[in-house]
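The values are calculated or read from the model by the stated rules, or taken from the named source; none is laboratory data. Just so it is clear, the structure is predicted and the values come from calculations on it, not from any experiment. All Cβ positions, glycine included, derive from the backbone under ideal geometry; neighbour counts span all protein chains shown. Please note that ligands, DNA and RNA were not included when accessible areas were found on the heavy atoms of the full protein model with its side chains. Shrake-Rupley method; radii C 1.70, N 1.55, O 1.52, S 1.80 Å.
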Amino acid sequence: MSGRGVGVAGALFAAIDAAQKTWEEGGLWRRPTVRLYTWRLPLLAAAALALVGAAILAVPLLVLAAGLIAYPIGFLVQMIDADAGRRVATGYATFVASAFEPLALPTLIPRLVTLVAAAIAVVLAVSALLPIEGRRRRPAHRTRGFWWARATGVPWSAAPGVAHFQAGLWEVFRGPINAKAPGPAELSRRYLELLAENLGQPGFRELVVTALDLETRGDLIFAVLGEERRPAYFHRGSGEAAPHPRPERPGDLVDLAGVGRDQALDALAGAMAVALMTEPHLLAFSPESYWKGETHRICDRPAAVSRLLHELAVAGVEQVIVVSAAAERTAPHRLNRPYGTLHARLTDDLAAEEASAVRDGVATQSARFRGVFLIQPGHNPVGPFDFKGAYDERSDRFQSVEELVDRGYEDAYRQFIEPIVGSEGDDMESKKLKVKSKK
């Protein structure tokens with residue numbers, strides 16, 4: 001099993017024969033509360049305070065705008081009772097006069113707005129002073145920077161998504177027992193012990209996933225391989241004469257069954273970190289590793305599909321099934337209306353990057369394998385961050401993530417099982433008939 005981005009989560013579950021935990025009824029992708037990314041709490045608090053300040057500034061306008069209701073009401077009442085209509089109009093005029101007295105709104109509004117602005121400044125200052133999510137292990141000299149950069153930081157947090165999949169993995173391990181979940185390092189060790197001890201058993205598979213190391217500007221490959229493949233993969237010879245040349249950079253490979261046994265969930269957290277939108281995950285290497293205990297920042301790289309396929313070929317894989325949710329647009333009249341929001345821009349950009357990465361990876365690496373089979377939808381309105389689903393303009397209806405999971409099953413059956421597995425079965429039957437006829 002192999003993956004990048006959120007595909008790392010699917011690979012982690014499938015490698016230990018728990019893939020059904022993601023797609024079954026009540027599974028991780030079918031829960032209504034699924035939301036893998038949220039706005040950071042300091043920014044949400046600052047935005048809420050800014051709305052309060054805007055509402056306070058709008059109070060004088062609302063007082064004056066109330067005249068659009070008070071005077072027509074007074075006119076209608078005056079047609080029934082002239083004195084009552086006059087009292088309505090006079091009362092409103094008196095209210096406006098009292099509201100704009102020197103000690104009323106002209107004094108209260110500036111004070112309240114100043115208090116709100118001070119509260120916003122305090123919230124941002126506290127967010128600048130406190131360690132940013134995941135930075136508790138980072139040395140002090142690496143947390144320095146411009147104060148305004150520390151105050152605002154990145155807009156999103158990937159913590160809810162990481163916690164969502166970690167809780168799903170813990171459900172696999174704890175079973176019916178209601179025990180407290182261990183820390184990420186302990187859960188990683190339990191996960192890798194289970195995987196390493198059962199490799200070769202039905203349902204358990206070798207694992208290769210990736211994340212981008214911002215410190216070395218190269219891909220990190222996290223892998224768990226069987227004993228017969230492991231030495232040749234992690235100790236590649238040097239030179240072209242060697243069966244598998246070394247990776248471009250030393251330290252690219254992390255043996256999750258060895259010194260990297262505590263870092264399976266680090267690979268997940270790094271793969272879910274979106275560049276520029278979330279804080280990179282901090283990966284603390286083991287002192288016994290190549291990096292001698294250094295702490296590196298890691299995040300996802302959509303174009304890593306080609307590197308993953310390369311690593312699978314080096315590991316001895318002969319056939320690959322590539323599964324992607326990014327739909328190709330190779331025909332005219334398939335344009336969507338751009339909404340211009342941050343969410344829409346990021347969704348369009350990331351979906352285009354993933355589609356291009358899959359296409360380029362399959363085109364450049366397919367010669368390394370005996371067979372490469374691609375499964376992807378012909379049309380998918382649900383973007384990478386549409387956790388509550390999305391409105392499909394082409395069919396004029398709403399499509400949920402649960403429906404996307406069902407469509408993915410149908411695509412796999414139509415694009416792989418029927419034409420590939422079914423045709424091989426037909427070929428085997430025809431060969432058996434020929435043998436029987438010869439006999």
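Observations on the structure shown:
- Projected over all directions and averaged, the alpha-carbon convex hull of the range 13-83 occupies 10.5 nm².
- Helix 105-129 axis, angle to the chain major axis (alpha carbon atoms, nearest 10°): 20
- Surface accessible to a 1.4 Å probe, per residue, for the residues of the range 258-352, Å²: 49
- The residues R190, R307, sorted by heavy-atom accessible surface at 1.4 Å with ligands and nucleic acids left out, run R190, R307 from largest to smallest.
- Qualifying GluC sites (Glu not before Pro) for the range 289-334 [loop in DSSP, other Cβ within 10 Å: at most 12]: E318
- Within the accessible area of the range 263-393 (1.4 Å probe), percent carbon and sulfur: 55
- Solvent exposure ordering (accessible area, 1.4 Å, most first) of I80, I120, I375: I80, I120, I375
- Taking L346, L312, L12 as the candidate residues, the one with maximal mean-square fluctuation in a Gaussian network model of the chain, Cα springs under 10 Å, is L346.
- Neighbour net charge for L225 - beta-carbon separation under 10 angstrom, K R +1, D E -1: -2
- Here the gap between A179 and Q20, fully extended at 0.36 nm per residue and compared with their Cα-Cα distance, gives a gain of 55.0 nm.
- Normalised alpha carbon radius of gyration of the range 148-289 [divisor 2.2 N^0.38 Å]: 1.18
- Shape analysis of the range 291-393 places it in the oblate category; the axes a ≥ b ≥ c from the Cα gyration tensor give an a/c of at least 1.5, with a/b not above b/c.
- Rounded to 5, the percent of DSSP beta bridges in the chain classed as antiparallel: 65
- Unit charges at the beta carbon, dipole of the chain: most positive-side option, L256, A313, L346: L256
- Amide H contacts under 5 Å for R301: G5, L212, restricted to partners 5 or more places along the chain or on a different chain, H placed in the peptide plane at 1.01 Å from N.
- Within the chain, the longest run free of exposed loop sites, counting chymotrypsin sites (Phe, Trp or Tyr not before Pro) that sit outside DSSP helix and strand states (H, G, I, E, B) and have at most 11 other Cβ atoms within 10 Å, spans 147-338.
- Helix axis angle, 342-365 relative to the chain longest principal axis, alpha carbon, degrees: 10
- Most fluctuating residue given options G260, G422, G316, as computed from a GNM of the chain linking Cα atoms under 10 Å: G422
- Under a Gaussian network description of the chain, with springs only between Cα atoms under 10 Å, the residue in A11, A181, A331 that fluctuates furthest is A331.
- Think of the range 1-134 as a dipole: +1 on every Lys or Arg Cβ, -1 on every Asp or Glu Cβ, centred on the Cα centre; then among Y71, G26, L112, G26 lies furthest on the positive end.
- Taking the chain and dividing mean pair separation by its residue count, relative contact order in percent (alpha carbons under 8 Å, at least six apart): 16
- Sparse-neighbour loop sites [trypsin sites (Lys or Arg not before Pro); the range 1-37; at most 14 other C-beta within 10 Å; DSSP]: R35
- Other-chain or far-sequence residues with amide H under 5 Å of F222's (modelled H): V209, T210, A211, V254
- Top positive-direction residue, dipole computed over the chain with Cβ charges, set V59, I298, G361: I298
- Stokes-Einstein D (µm²/s) once Rh is taken as the Kirkwood radius of the chain over alpha-carbon pairs, at 4 °C in 1.567 mPa s: 50
- Taking the helices alone, the chain has a mean residue ellipticity at 222 nm of -15000 deg cm²/dmol, built from -39,500 (n - 2.57) per DSSP H run of at least 4 residues and averaged over all its residues.
- Computed from Cα atoms, the angle from the helix 305-314 axis to the main principal axis of the chain rounds to 20 degrees.
- For the range 208-223, putting each phi into the Karplus relation 6.51 cos²θ - 1.76 cosθ + 1.60 with θ = phi - 60° gives couplings of 9, 10, 9, 8, 8, 8, 6, 6, 8, 6, x, 7, 9, 10, 9, 9 Hz, in residue order, rounded to whole numbers and with x for Gly and Pro.
- Residue-wise HN-Hα coupling along the range 69-81, computed from phi with Karplus coefficients 6.51, -1.76, 1.60 (Hz; x: Gly, Pro): 9, 5, 5, x, 5, x, 5, 5, 5, 5, 5, 9, 9
- Note on the range 248-326: Cα-only Rg and Dmax are 14.0, 39 Å.
- Accessible surface for the range 377-421, divided over its residues, is 57 Å² per residue with a 1.4 Å probe.
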